[in-house]
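Chemist: Below you'll find the structure I mean.
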């Protein structure tokens, strides 16, 4: 009692939430004061003594319902309260909020979950519910001991995660710099609905085949870009389709502006792709496509200098009007790799080339030239979170750039992720159509 008497009101309040959770049979773990991370040491800093004498104990293994242990812990510091969902027999659906830089009109986790329930013909379940510090929601469900459901990220839809075995949630009463976790519905958690369990355990359905036969058979970088964007839209997860569709329309609008794609074909292909797993009316998707294409065409007027059609002309093809064109060949998509390890270090990386395209010896950000052909990609560094340095941030340190040059004189540059991806596809296609030799000059007769 003397320990509790010397404990401030903040600790007593958090201890009350911890013991209340334990009384429900939920296994509690202390979280760092004012934070969402578990208290205690990480595995790499484990001393191997005390409770870890027989091996490092994870937060899930340390979770307890023992009230005496909870009183002893919260008497030391005002820990936030965490609940180990797996040992507690819980499956918590985490409905996240949008980031400040999210595209206007994007649905958050609550909206996506409501749409998910509507498609399943079910009402939003009434169960124990907590409002998170940032305005999201946690829906608590009990899960059957016969099926161990683990945590997932985006499996149900974008901005919807789940916490089961191997995970934990921040409990009501805890406070972070963003606010306090509060109870919205204090009823006991209901069993996880069967339709939700099936959605978490079933294999993802095959994407709807939205490409016309004529488009599948086409070759060249423009057709490859069209097929890729159609595939992205057709396989987009719930909650990401609108953003994916708009991004695809803007990317393909660049090729319409350059004359490499027909607008009608692009609109028809994207419309079919969106209709395959539609959550909105077709008129809504068609409007997104139209706005995206209009924006991109307006910002990419006319054909760029040196632009290629399908198949792309080269100087060797256009130098003599009587010379036969090279027969189109399929693009070897395996020739284009994705820089991974090198990209995270912020260095220049080169993609594989054929013998006609020897590796350039450019260093730093120097672009290839026809005399030193090849493809250069600058992948900027990816920063770590400043507070613990343990997690990769999605915030790039700089704008990615790329450039290529061919011995025939064809060159190209790109700035930004979308333009870079299009340039890589263009480069791969050009390698198949080009002979790699400089364009021949017309003969000149010696003056009499």
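Chemist: Just to check your reading of the model, which residue among 48, 13 is part of a loop (DSSP other than H, G, I, E, B) and either out of contact with any helix residue (DSSP H, G or I) (no Cβ under 8 Å at 6 or more places or on another chain) or in contact (Cβ under 8 Å) with a residue 12 or more places away in the chain (or both)?
Modeler: Going through 48, 13 in turn, the sole match is 48.
Chemist: Just one of 136, 154, 166 is farther than 16 Å from residue 200 by Cβ and surrounded by fewer than 22 Cβ atoms within 10 Å (Cβ to Cβ); which is it?
Modeler: Working: 154 fails: farther than 16 Å from residue 200 by Cβ; 166 fails: farther than 16 Å from residue 200 by Cβ.
Only one candidate passes the filter, namely 136.
Chemist: Taking the options 287, 238, name whichever one is in a helix (DSSP H, G or I), modelled with pLDDT under 85 and farther than 30 Å from residue 434 by Cα.
Modeler: Just a single option satisfies the conditions, and that option is 287.
Chemist: Residues of segment 130-156 being in contact with a helix residue (DSSP H, G or I) (Cβ under 7 Å, 6 or more places away or on another chain) and over 16 Å from residue 167 (Cα atoms), which ones?
Modeler: Selection gives 136, 137, 156.
The values are calculated or read from the model by the stated rules, or taken from the named source; none is laboratory data. What you see is a predicted model, and the numbers here were worked out from it, not measured in a lab. Virtual Cβ from ideal backbone geometry, glycine too; neighbours counted across all protein chains shown.
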